[in-house]
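To keep things clear, I will list the structure first and then write my remarks on it.
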Amino acid sequence: MRRVVFFLVYDKQGHVGGYVEHCLRELRAHAEHIFVVSNSPLTTDSRRRLEAVADTVWERENVGYDVWAYRDALREFGSDRLRDYDELILANYTFYGPIGSFAPLLEEADAKTVDFWGITDHAAVVPNPITMTGVMHRHIQSHWIGVRRSMFTSDAWRSYWDDMPRIDSYDDSVMLHEARFTHYFESAGFSSWVAYASAHYGDQHPIFNLADVLIADGCPIVKRRFFFHDPIYLDELAIIGKRVLEQLEEKHYPLDLLWQDIGTTAKPRILNTNAALLEIMPDVDLGGADPSDLRVVVIAHVFYEEMIDEIVDLANTIPGGYDLVVTTANADKQTAIQERLVELGRPDDDVRIVGSNRGRDISAFLLTCKDVLESGRYDIVVKLHSKKSPQNGFNSGRHFKEHLFQNLLNSPGYTTNLLRLFVDHPTLGMVFPPMIHMGFPTLGRAWFANLEPAKELAARLGMRVEFDETSPLAPLGSMFIARPESLRPLVQAGFTWDDFPDEGQYADGGLPHVLERLLGYSAISEGFHVRTVLTTHNAAISHTLLEYKVQEITAGLPGLFREQVELVRRYIASQAESPLGRAKGLVLSRTPGLANALRPVYSRSRAAYRNFRAGR
């Protein structure tokens, strides 16, 4: 086959992920000409990298979605020139591949006497899900359509593209091209073949619903959407994303390219859910790669100097040793900490006095220890602080501290397992415990008043990342283990002490709380991925309570979980339409402490109002 590939890319900021280069480089052996059409202006670097793997890189205005992009690219290439080829492939950037090699797929396709073909198809749907009437015909999916000369030199082919109407929406692109293409040409007498056909798998949409089965059968692609689609959809069909991730690892797909790309596309909490990026580890060393060669620094802000023993005990679980940098508030505390470190056999540890206590542990980390983070001397940084949280009450404060300390540095075996994650996964940028929910009103609202300030700051720092809508994927409590380079946007932001609030203004919406929620997003923006970590002991505590909470919320609600969620959201939206509802929602979301304080008064007022209404 003399083959030409037309490959569509699009990114609103003009970036092209390395996974596209990888795909085109692997296609290079099977195509005489690769024509990349970009529906957006490319950055200089992206164009340079594409030109290294493609013969033509052509930019156009983002009009008409992929449909008009293919139409215009075909016109740009020229029909007479196209006749020199045996096969045309129309493909796009919406998949990762090849998983293994494209060679087996193309060899099988070459042996088929057909006019056009695809990797996967979507079964017919009745009624059409877009128009809610008629039928959406079975169709080869547009991420990869191969067309032979017998078809692309035909009058039907020319008419199809010449008569293509205006494409103004995603639904238009499906209705007028993807769902139409196969039926149109089969009705015109052309024959087709699908490598991994829906009829064979007994599923309407096997490339998504049965992704792991197709990969096991040799399918060389997986849809990018698999990692950022609605987790409730995966839940409904019991689709296990971790299986797919494990298959990609087993088949040696370069996952660093996936993480570098998907971080700018997926909302981090959705990715964390779909890929099941929670590591639950025992206190026994599971074996494997040796993490003791990692150069580790522990940076601990110790305001409560009596907690230095506890901090050192935690750090001593690190295999291979560590350097310790302690920050504290004043000279008296510095002296007390230094004396205790000498007694603990650590006379050479670095104990620093912060320039100000504005910003507490966050500013101490980013400002006082900026030189450590930028030194290049360390592979891993462990951020801790002497946490007591007296304002939260004894039980809640104790649990919060244990949740952070235990899930990061619980024992020598556990810590070894955790640090091994960084050895096994070169693109792992940060780990931290999952969002605390016992004793704290975080579920569904942990942004509180910090979302918009976080978006504004991220934009100012040039961070490319999607934002979760309700709760961030973040180390609440600001303790984590990370690669120093994953923190670059925040370390190099140029903050000063004056940017941080004093003690009287320390609240949601202020810089410390915003930065706390941006830590994981910083790592993702730098091309890393993040994972959450739990001990087996804490996993049991968390999961059983979460299960009970979900049951209490959904008990009595009709329908499947998706319908229950929509019902609750509609109710909340209706409540928010009233002035009282808006005020209540504002207090609940932004100042949960005030909400708790006002709840008795609100309950009595509501009861009095209901009694009044009932008596009228």
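The values are calculated or read from the model by the stated rules, or taken from the named source; none is laboratory data. Not measured: the values here are computed from a predicted model. Heads up, the Cβs are rebuilt from the backbone with ideal geometry, glycines too, and the neighbour counts pull from every protein chain shown.
Quick look at the values:
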quantity	calculated
Residue match in the stretch 485-502 (condition: within 22 Å of the chain's Cα centre (by Cα), of a type in the set (Ser, Thr, Tyr) and at pLDDT 95 or above)	yes
Criterion violated by Arg148 - all others in (1) touching a residue at least 12 places away in the same chain (Cβ under 8 Å); (2) surrounded by fewer than 17 Cβ atoms within 10 Å (Cβ to Cβ); (3) over 35 Å from the mean Cα position of the chain (by Cα) satisfied	(2)
Of residues in the stretch 152-175 being in contact with a Lys or Arg (Cβ under 9 Å, 6 or more places away or on another chain) and in contact (Cβ under 8 Å) with a residue 60 or more places away in the chain, the one surrounded by the fewest Cβ atoms within 10 Å (Cβ to Cβ)	Thr153
Test for Gln505: is it of a type outside the set (D, E, K, R), modelled with pLDDT of 95 or more, surrounded by fewer than 18 Cβ atoms within 10 Å (Cβ to Cβ) and more than 18 Å from the chain's Cα centre (by Cα)	no
The listed residue being touching a Ser or Thr at 6+ places or on another chain (Cβ under 7 Å), within 16 Å of Ser173 (Cβ to Cβ), of a type outside the set (Val, Ile, Thr) and in contact (Cβ under 8 Å) with a residue 12 or more places away in the chain, out of Asp66, Asp121, Asp115	Asp66
Residues within the stretch 451-464 that are out of contact with any Leu (no Cβ under 9 Å at 6 or more places or on another chain), assigned to a loop (DSSP other than H, G, I, E, B) and not basic (Lys, Arg), tallied	1
Options Asp256, Asp203; residue that is at pLDDT below 95 and not assigned by TED's automatic domain parsing to the domain that holds Tyr70	Asp256
Test result for Val533, at negative phi, touching an Asp or Glu at 6+ places or on another chain (Cβ under 9 Å) and at pLDDT 90 or above	yes
Top-ranked residue of the stretch 155-196 - restricted to ones that are in contact with a helix residue (DSSP H, G or I) (Cβ under 8 Å, 6 or more places away or on another chain) and aliphatic (A, V, I, L, M), ranked as nearest to Asp66 (Cα to Cα)	Ile167
Condition check for Glu310: more than 37 Å from the chain's Cα centre (by Cα), of a type outside the set (Lys, Arg) and either buried (at least 16 other Cβ atoms within 10 Å of the Cβ) or part of a helix (DSSP H, G or I) (or both)	no
Qualifying positions in the stretch 317-328 - out of contact with any helix residue (DSSP H, G or I) (no Cβ under 7 Å at 6 or more places or on another chain) and in contact (Cβ under 8 Å) with a residue 40 or more places away in the chain	Asp323
Unmet requirement for Glu246, which otherwise passes all of (1) outside the structural domain of Ala482 (by TED's automatic domain parsing); (2) within 21 Å of Leu418 (Cα to Cα); (3) not in a helix (DSSP H, G or I)	(3)
Any pair with Cβ under 6 angstrom, 6 or more apart, that starts in the stretch 455-472 at a residue that is within 19 Å of His529 (Cα to Cα) and ends at one that is surrounded by 13 or more Cβ atoms within 10 Å (Cβ to Cβ) and of a type in the set (S, T, N, Q)	Met463/Ser525; Arg464/Thr264; Arg464/Ser525; Val465/Ser525
Residue among Asp172, Asp121 that is of a type in the set (D, E, K, R), in a strand (DSSP E or B), under 35 Å from the mean Cα position of the chain (by Cα) and under 21 Å from Ala91 (Cα atoms)	Asp121
Residues satisfying the stated conditions in the stretch 149-167, i.e. of a type in the set (A, V, I, L, M, F, W, C) and outside any loop (DSSP other than H, G, I, E, B)	Met151, Phe152, Ala156, Trp157, Trp161
Matching residues, the stretch 320-348, being assigned to a loop (DSSP other than H, G, I, E, B) and of a type in the set (S, T, N, Q)	Asn330
Unique match (being more than 29 Å from the chain's Cα centre (by Cα) and not assigned by TED's automatic domain parsing to the domain that holds Leu367) among Leu567, Leu557	Leu557
Set Phe185, Phe190: member being out of contact with any His (no Cβ under 8 Å at 6 or more places or on another chain), crowded, with 18+ Cβ neighbours inside 10 Å, assigned to a helix (DSSP H, G or I) and hydrophobic (A, V, I, L, M, F, W, C)	Phe185
The stretch 358-377: number of residues that are at negative phi and surrounded by 19 or more Cβ atoms within 10 Å (Cβ to Cβ)	12
Arg464 in contact with a strand residue (DSSP E or B) (Cβ under 9 Å, 6 or more places away or on another chain) and surrounded by fewer than 24 Cβ atoms within 10 Å (Cβ to Cβ)	no
Helices (runs of 4 or more DSSP H) within the stretch 1-106 that include 2 or more residues of a type in the set (Lys, Arg)	44-51, 65-77
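One line per residue, one yes/no per condition, for (1) at positive phi; (2) touching a helix residue (DSSP H, G or I) at 6+ places or on another chain (Cβ under 7 Å); (3) touching a residue at least 24 places away in the same chain (Cβ under 8 Å); (4) assigned to a loop (DSSP other than H, G, I, E, B):
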| site | (1), (2), (3), (4) |
| --- | --- |
| Val381 | no, yes, yes, no |
| Leu384 | no, yes, yes, no |
| Lys387 | no, yes, yes, yes |
| Ser396 | no, no, yes, no |
| Phe400 | no, yes, yes, no |
| Tyr414 | no, no, yes, no |
| Arg420 | no, yes, yes, no |
| Pro426 | no, yes, yes, yes |
| Met430 | no, yes, yes, no |
